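The next block holds one structure in the form of structure tokens; read it before the comments.
Please treat every number below as a calculation from the coordinates, not as lab data. Worth saying up front: this structure is predicted, and the values here are computed from it rather than measured. As a convention, Cβ positions derive from the backbone with ideal geometry for all residues, glycine included, and neighbour counts pool all protein chains shown.
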Amino acid sequence: MPNSFLVRAPLLALLLVAACDGPSTGVEAPPQVRTQVSTQAAEVGTPFEFDATLGGEAFRGSGLTYTLTFAPAGGGLQGADGRITGTPAEPGVVIVTLTATGTTGAQATQSFPLVIFSRGLAAPQLPGVPFRYSDQGVPLPAHYLASALGGPVTATDNTPAGNPITDAGAALGRVLFFDRRLSANDAVSCASCHVQAAGFSDTAQVSRGFRGEMTGRHSMALTNARFYRNGRFFWDERAATLEAQVLQPIQDGKEMGMSLQNLVWKLQVTPYYPALFQAAFGSAEIDSTRVARALAQYVRSMTSTDSRFDRAFAGTGDSNNFASFTPEERQGHQLFLSSGCAGCHATNAHVSDAPQNIGLDAVTTDLGAGGGRFKSPSLRNVAVRGRFMHDGRFTSLEQVVSFYDTGVQPNPDLDPGLRGPDGKPRRLNLTPAQRKALVAYLETLTDHTQLTAQRFSDPFPQ
Ligand code: HEC
Ligand code: HEC
């Protein structure tokens, strides 16, 4: 794309016309691009001034006069004699086109992006030595490697061979994740809808995007997103990989509203990014593939290994021990196994492996992955999410457990795992104490270490 607007077709036509223009004596050569103007940066509310002719170096030719146009137009900027002046009124990316006209009327043109940032954006505060995110620096615990409740957690790892977690890669991903520059008007970051203290979900039923519009579904929790065997993402699995997924919210018309080209231009003129890309990928080059890889590394690094459930393994490594649990939590753990929950929320990381229809409604309204089937995020940190299910309909774990107990609806696509022998929706008929015990067990999956860790926290000063 950049090349196509550097030299435009009319310029070539003019060159041809000039070449056929008879005897060359006394004929002025048409202007030509000499130096391509690089991407420029400005800030809303701060007076901006720029000589787009680069002091006469932008074009080759003599006696040139210049005109400037802006797309989109207006927004507080004016152009005269090749100089841009004014005070930008709105954040966004403006394409500036500069035309040079020679004494014979022959013209040449070039365009460049002008990024207008919103006012008062800060730079991140990063540690001198990057935090550790890689498997070497933060090894997975033994009970993630052991086979339990449907196999070892690591058998569900969706990390591609070409994008393992590195400390520098995830450190860049962290900055990108919290950077509001990733949205068209610098209003929201990934973290606006994926809040660390809420297990990287949102306690609101639906989230608000860059212009305040509401998302169609509840924000998904990201804890343990690394562990999902088929590697597909979103409630309806529409993204084939995490690397493909992370670029979608940026381009989504409601969420962040930005083209990948504008994203790359914005990051290229943000002073702290070239060094972070250099550290992560060995060169300062910024492109959307690298953005995707860094964001995916950071998201995959959000593994939960220090909940009370994990601590029950400490010392013994024994998955049948749970001596550190209260009697109620132990009862809840047994009910989680005996009620079939562990069949779908499997392994020691409590992850699922396929989308299912759990009978939330008798008649499907949102098809999800087809037939009202949805992916479940890992149940790690589920207690701090505030809202539950793809539409965020439930506001407490008590409601979720009551639903599985007596509320499963006779949807034609209901998963067999939630049907009784007669094919009808299964009823658990739990006592109030048993329901309470199941909730208590789900609360042992809360990992306060992950919810407060500095390496996952907002690096931008408030
Ligand atoms: C405006 C709110 C919003 C923003 C901003 C946002 N997300 Fe999301 N995110 C959501 C919602 C809502 C879903 C679920 C959408 C769906 O499945 O249809 C989701 C789903 C996801 C998932 C899928 C998780 C899974 O297990 O399948 C990932 C990963 C994710 N977001 C990462 C990001 C990243 C990275 C960014 C920043 C580049 C980001 N999100 C920005 C709201 C947001
Ligand atoms: C047939 C598979 C299956 C079984 C059995 C099952 N679940 Fe689920 N669970 C899912 C799916 C799929 C979702 C997401 C559904 C949606 O949002 O539409 C889910 C969602 C949840 C959620 C909400 C997660 C979130 O982030 O919003 C909780 C909590 C939960 N299940 C707990 C349980 C408990 C407790 C049991 C046992 C009583 C259980 N599940 C049994 C498949 C299952």
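For the pair segment 234-266 and segment 114-145, the centres of their Cα atoms are 20 angstrom apart. Modelled spin labels at residue 251 and residue 272, positioned 7 Å past Cα toward Cβ, are 2.8 nm from each other. In this simple spin-label approximation, residue 424 and residue 83 carry label points 7 Å from Cα along the Cα→Cβ vector, and these lie 8.4 nm apart. Projecting the Cα atoms of 411, 92, 138 onto the charge dipole of the chain, computed from C-beta unit charges around the Cα centre, puts 411 farthest toward the positive end. Taking one quarter of the surface of the convex hull spanned by the alpha-carbon atoms of segment 184-254 gives a direction-averaged projected area of 4.8 nm². Using bins of 10 Å that start at zero, the share of Cα-Cα pairs per bin across the chain amounts to 4, 18, 24, 20, 14, 9, 6, 4, 1, 0, 0, in whole %. Given 171, 71, 195, which one lies farthest toward the positive end of the charge dipole of the chain, if we put +1 on the Cβ of every Lys and Arg and -1 on the Cβ of every Asp and Glu? In the chain, that residue is 195. Would you mind classifying segment 162-286 by shape? Square roots of the alpha carbon gyration tensor eigenvalues, ordered a ≥ b ≥ c; an a/c under 1.5 is rounded, otherwise it is prolate if a/b is larger than b/c and oblate if not. Taking the square roots of the gyration eigenvalues as a ≥ b ≥ c, segment 162-286 is oblate.
Annotation: the residues 302, 214, 256, sorted from fewest to most other C-beta atoms within 10 Å of their own C-beta, follow the order 214, 256, 302. In terms of the Cα gyration tensor, with a ≥ b ≥ c the square roots of its eigenvalues, is segment 364-439 rounded because a/c is under 1.5, prolate because a/b exceeds b/c, or oblate? Since a/c reaches 1.5 but b/c is at least a/b, the shape of segment 364-439 is classed as oblate.
Projecting the Cα positions of 158, 278, 214 onto the charge dipole of segment 142-304 (unit charges on Cβ atoms of Lys, Arg, Asp and Glu, taken about the Cα centre) puts 214 furthest along the positive direction. Here segment 142-304 is treated with +1 on each Lys and Arg Cβ and -1 on each Asp and Glu Cβ, and its dipole about the Cα centre works out to around 100 debye. Can you list the residues of segment 263-291 with backbone N under 19 Å from a point 7 Å past the Cα of residue 35, pointing along Cα to Cβ? Residues passing the 19 Å test: 269. For the chain, adding -39500 (n - 2.57) for each run of n ≥ 4 DSSP H residues and dividing by the number of residues yields -6500 deg cm²/dmol at 222 nm. Shape of segment 308-448 from its Cα gyration tensor (a ≥ b ≥ c, root eigenvalues): rounded if a/c is under 1.5, otherwise prolate when a/b > b/c, or oblate? The shape class here is prolate. The charge dipole of the chain, taken about the Cα centre with unit charges on the Cβ atoms of Lys, Arg (+1) and Asp, Glu (-1), comes to about 640 debye, rounded to the nearest 20.
Among 193, 344, a tally of other beta-carbon atoms within 10 Å of each Cβ gives an order, fewest to most, of 344, 193.
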